[in-house]
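Heads up, the thing below is written out as C-alpha cells.
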Amino acid sequence: MAISILNNISALAAENQFNLTQTSLQKTLDELSSGQRINSGADDAAGLSIANGIQANVSALTQSVQNATAGTGMLQVADGALSQVTSLLNRAVTLATEAANGTVAPGQFTAMNNEFSNIVTEINSIGSNTFYNGTQVFSGSALNVFMGDGSQTMSVSSTLPTLTAAGLGLNDAAATSTLYATANSALNDNVTIGTQTYTFKAAPAAQGQVQEQGTVGASMAALVAAINGTDGVNTANTKVTAALVNNNTIQLTAIDPTVAGATITSTVGSGPFGFSSGATFSGGGTAINLLSTTSAATVLTAANTAVQTVATDRGNLGASINQLTAATNVVNTQIQNLTQSESGIMSADIPTAVANMTKYNILQQTGMAALSQSNQMQQAVLKLLQ
C-alpha cells in the first residue's frame, strides 16, 4: 500500500466508527433514562403508531371506569334515600295499625294523623331535594352511562324512579270530572258546577258571570279563572278546582277528597258544553289520614303497597349498580391487557440496554485510541525526510 499524506484513510475509518458508537451509546442512554425503547418516530415508526393507538384506547377506557363510578354513585344516592323512605313507611304502617284498633281515643287520632302527615311531608321532601352533582335524582328520567374506547362503545341505562307521596298512594285521591266544549260559547250560555251556575256575559260584574271571549280556548280559560276565583269577579268555587287541559277541555277536581261522585253534580243549562263522565265526578275520592279506624285501614293498605313499590325500585337500582360493577370489572381487565401490550412495545429491555451501554463505552474508548493512533501514523512520513 502506497504511503500518502493527502488523506488519512485510517483516521477517517476510525472517526466513522467512533461516530456510530456515539450514536448507539446515545440511543442506549435515552432508553435507560426514559425506560422506553421508542423515544422518537425514528426508533420504530410502526411500533410507535401501534403503541399510541393503544394508549388512546387505555385513556378512553380509564375515563369509562370514572363514568361508571359516577353513575354508581348516583344510583347509590337514590338507593340510600329510598332506604330512608322505607323506614318512614314502616313507621306509617305502625301508626295505621295502631289507629285501626278500636281502643284508640278520639283525641289520639289527631296526634297519630299529625305524625303521619309529617311522614308524608318528609317523603315529598326526599323526592324533591335529593340531588347528585346538581341533578335531581328522583326525576323519572333515564341515566345513561357511556363506556367504551371509540372503536367499541356501550351504554348502561337505568331509569331513575320518581318519588312523591302521591305516587306512592299516600295522598288524598280526589274525584275528578272533565268538562268539554264542542264550539265557542255564546252570550247567556251557562253551566252549573256544584252549586254555582256560571253564565257567559259581555261585561261580567257579579258572582257567577264569566267573560265571553272570541275563541273556544279563551272562553274556557275565562271559565277556569271564574271557577278558581282568579278573574277578579268571582270567588273560588267551594266544591271544585279547575285546570285547562287544552283549548276545549277543563279538568275539575273535587276539593274534598271524601265527597262521593254523585254529590257534586254539574249540569249544562245551554251552550256547546258536555261532561265526559256524565256530569258527575268519577270515583268517590279517597281520604288518606288517620282520623278514624276506617281511614286508618285505608292508610295501612296504601302504606303496605308503598313499601312494596319502594322495594321494587330499590331492586331495580341494585340490578343497575351490579351491571355497572360488572362492566367496570370487564373494562379494568381490558385496561390491564392493553397496558401490558403497550408496555411490550414501548418499554426498554433494561438488562440488554445496560449490556449495550458497557459495550459502547468500551468501543468509545477503543475508538478514541484508534483515532489517536491513526493520526500518529501520518507523523511517520517525516522520518523519510531526515
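The values are calculated or read from the model by the stated rules, or taken from the named source; none is laboratory data. In this text, all values refer to a predicted model and were calculated from it rather than measured experimentally. Counting neighbours? That spans all protein chains shown, and the Cβs are built from the backbone with ideal geometry, glycine included. Just the protein is used for accessible areas: all its heavy atoms, side chains included, with ligands, DNA and RNA removed. Shrake-Rupley method; radii C 1.70, N 1.55, O 1.52, S 1.80 Å.
Estimated purely from DSSP H runs of n ≥ 4, each contributing -39500 (n - 2.57), the mean residue ellipticity at 222 nm for the chain is -19000 deg cm²/dmol once divided by its residues.
Size of the dipole of the chain about the Cα centre, Lys and Arg at +1 and Asp and Glu at -1 on the beta carbon, nothing else charged, in debye to 20?
Details: 8 positive and 18 negative charges, 64 e Å.
The dipole magnitude comes to about 300 debye.
Based on the mean of other beta carbon atoms within 10 Å per residue, what is the order of 366-373, 187-194, 341-348, 41-48, most packed first?
On the way: 366-373: 14.9, 187-194: 18.4, 341-348: 16.5, 41-48: 13.2.
Output ranking for 366-373, 187-194, 341-348, 41-48: 187-194, 341-348, 366-373, 41-48.
Per residue, how much accessible area does the chain have with a 1.4 Å probe, in Å²?
Numbers: 20050 Å² over 386 residues.
Per-residue accessible area for the chain comes out at 52 Å².
I'd like to know which of GLY167, THR135, THR110 lies farthest towards the positive end of the charge dipole of region 99-250, counting +1 on Cβ of Lys and Arg and -1 on Cβ of Asp and Glu. Result: THR110, furthest along the dipole toward the positive end.
Could you pull out every whole DSSP H run in the chain that spans at least 20 Å of Cα extent along its own axis and averages -0.5 or higher on the Kyte-Doolittle scale? Please report the intermediate quantities before stating the final value.
Details: long enough: 9-34 (38 Å, -0.21); 45-99 (81 Å, 0.49); 106-129 (35 Å, -0.30); 293-346 (78 Å, 0.11); 350-379 (44 Å, -0.29).
In the chain, the long hydrophobic H runs are 9-34, 45-99, 106-129, 293-346, 350-379.
The distance from the alpha carbon centre of region 27-89 to that of region 162-201 is 58 Å, rounded to a whole number.
Highest-first packing order for the peptide set 211-217, 163-169 is 163-169, 211-217, based on the mean count of other beta carbon atoms within 10 Å. Residue farthest toward the positive end of the dipole of region 23-92, with Cβ of Lys/Arg at +1 and Asp/Glu at -1: which of ALA70, SER34, ALA46? Sorting the options by dipole projection puts first ALA70. With semi-axes √(5λ) of the Cα gyration tensor in Å defined as stated, name the option among (i) 37, 22, 17; (ii) 90, 30, 14; (iii) 66, 25, 19 computed from the structure displayed. Matching entry in (i) 37, 22, 17; (ii) 90, 30, 14; (iii) 66, 25, 19: (ii).
Cross-link reach is defined here as a Cα-Cα straight distance under 20 Å, omitting same-chain residues fewer than 8 places apart; for LYS201 the aspartates and glutamates meeting it are ASP189, GLU212, ASP231.
Within straight cross-link reach of LYS27, meaning Cα distance under 27 Å, which lysines are found once same-chain residues fewer than 8 apart are removed? Within reach: LYS359.
Ordering of 88-101, 326-339 by packing is 88-101, 326-339, highest average first (other Cβ atoms within 10 Å, averaged per residue).
Using a 1.4 Å probe on the protein chains only, how many percent of the accessible area of the chain belongs to carbon and sulfur? Using a 1.4 Å probe with all protein chains present, the chain comes out at 54 percent carbon and sulfur.
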